[in-house]
Every structure is written in structure tokens, then in C-alpha cells.
Amino acid sequence: MIRVLLAEDQSLVLGALSALLSLEDDLEVVGTATDGEAALGLVRTLLPDVLVTDIEMPRLSGLDLAARVREDFPGVRVVIVTTFARSGYLRRALDAGARGYLLKDAPASELAEAIRRVHAGGRAIAPALAEEAWGERDPLTDRERQVLREAEAGASTAAIAARLGLSEGTVRNYLSEAISKVGAGNRAEAARKAREKGWL
């Protein structure tokens with residue numbers, strides 16, 4: 001049996017995934033979590049073979065969760081299932097150590113097959129995304145992404161500087177670089193464009 005842990009913040013989707021995967025003879029859902037921190041705790045106690053997680057979750061995102069699992073529990077494989085068909089997310093998921101990346105509108109049989117393939121040491125990536133992902137690379141550095149996220153939330157340059165422990169001039173430089181790299185006219189447009197690409 002392949003032991004599977006599910007992490008999804010929408011209870012209805014979580015219940016449906018659990019029920020569908022439980023119909024498979026070789027898959028056993030050993031636990032479910034509705035946020036990233038709870039999922040990490042369950043990985044620690046249950047040591048599942050495969051963690052299936054959403055990207056956007058409270059307390060710890062699926063991308064952060066995948067990175068933590070890769071660091072602390074390298075034997076646990078990660079499959080990300082999301083509604084976001086954005087190549088930037090796929091690249092970041094792979095960088096975080098995810099072995100699978102599927103869209104939520106995929107048939108249940110595809111998810112079950114992806115879990116088997118990833119458990120066996122392979123990769124499982126939605127074909128349409130795989131093609132798109134190798135096209136446009138995320139140009140932002142981690143710090144530029146961090147500053148742009150703060151700006152997206154409406155924080156002033158001074159507030160961003162205080163929150164991140166940087167000088168206002170450094171924050172302006174990071175914002176200027178990010179705006180230039182995404183081809184935007186201002187910080188709000190840069191944040192919107194980066195969000196659409198899955199880079200934030």
C-alpha cells in the first residue's frame with residue numbers, strides 16, 4: 001500500500017480527494033490537514049510515502065511545505081494539486097522539491113496514477129504546463145519577490161524597509177529592479193504581472 005497524506009484548505013475538496021483516492025486498491029489515505037503547519041506536523045508523526053498538497057494554504061503554503069518536507073523528510077514524495085495553471089508556480093514547485101504537479105480539474109485516475117509514478121521515483125506533471133514552463137523563466141530574486149509582495153499589500157517604501165530590516169534606498173532599488181524585470185510601469189502593475197505569472 002502507498003500511504004498518502006492530503007493537505008487542502010477547502011474541506012469539500014479535501015473530502016472528495018480522500019474519498020476518491022480511498023477507492024484505489026493500492027492507496028491508503030493515512031491523514032488529512034487543512035493548513036500547511038498541520039500538514040507538516042502530520043508528515044512528522046505519520047511519515048507518509050506521498051504528500052498531496054494544494055499551493056495556497058493558511059499558515060504555510062504548499063510551496064513552503066514542499067521545501068520543508070524535502071529538507072526534513074527526504075523520503076516523503078510531494079505532489080502538488082492546484083487550480084493555478086501558471087508556469088511560474090510549476091517552476092517554483094519543482095525547485096521546492098515537488099515530484100508531481102497536477103491541476104484540480106484532472107480526472108481522479110490521473111491523480112492516482114501520478115501518486116504511483118512519484119512513489120516509484122518518477123515525476124508527474126500536467127503536460128500543458130510542462131510545455132509552457134520551459135518557456136518563460138522567473139526573473140525575480142527572492143528579495144525582489146518579498147519586496148514586491150509587501151508593495152502589493154499596499155505597504156509604503158518606509159513600511160517595507162522597517163518590516164524587512166532594509167534601508168528605504170535598498171527597498172527602492174529592489175522595487176525598481178522588479179518593475180524593470182517584469183516590464184511594468186509601476187509597483188502595482190509589477191505585482192499584478194508577477195502574480196499572474198505565478199512568480200509571487
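The values are calculated or read from the model by the stated rules, or taken from the named source; none is laboratory data. Here the structure is a predicted model, which is why all the values come from computation and not from measurement. Cβ sites come from the backbone with ideal geometry, for glycine too, and all protein chains shown count toward neighbours. These accessible areas exclude ligands, DNA and RNA; they are computed on the full protein's heavy atoms, side chains included. Shrake-Rupley method; radii C 1.70, N 1.55, O 1.52, S 1.80 Å.
Candidate cross-link partners of Lys181 among the lysines, defined by an alpha-carbon separation under 17 Å and a same-chain spacing of 8 or more, comprise Lys193, Lys197. Counting protein heavy atoms only, the chain has 49 percent of its accessible area on carbon and sulfur, 1.4 angstrom probe. Shape class for the range 86-130, computed from the alpha carbon gyration tensor (a ≥ b ≥ c): oblate, with a/c not under 1.5 and a/b at or below b/c. The distance linking the range 129-200 with the range 53-115 is 23 Å (Cα centroid to Cα centroid, whole angstrom).
Which value in deg cm²/dmol, rounded to the nearest 500, describes the helix-derived mean residue ellipticity at 222 nm for the chain, given -39,500 (n - 2.57) per DSSP H run of n ≥ 4 and division by the residue count? Can you show the working numbers first?
Values: 10 runs with 107 residues, N = 200.
Counting only the DSSP helices, I get -16000 deg cm²/dmol.
Angle between the Cα long axis of helix 187-197 and the longest principal axis of the chain, 0 to 90 degrees, nearest 10? It works out to around 20 degrees. Label-to-label distance, Arg116 versus Asn173, with points set 7 angstrom from Cα along the beta-carbon direction: 5.4 nm.
Relative to the longest principal axis of the Cα atoms of the chain, helix 168-182 runs at roughly 60 degrees.
Explain nothing, just the number: relative contact order of the chain, from Cα pairs under 8 Å at least 6 residues apart, as a whole percent. List each step's numbers first, then the result.
Values: 324 pairs, mean separation 31.2, N = 200.
Rounded, it is 16 percent for the chain.
Remark: the Leu12-Ala162 segment gains 50.0 nm on full extension, using 0.36 nm per residue and subtracting the alpha carbon distance.
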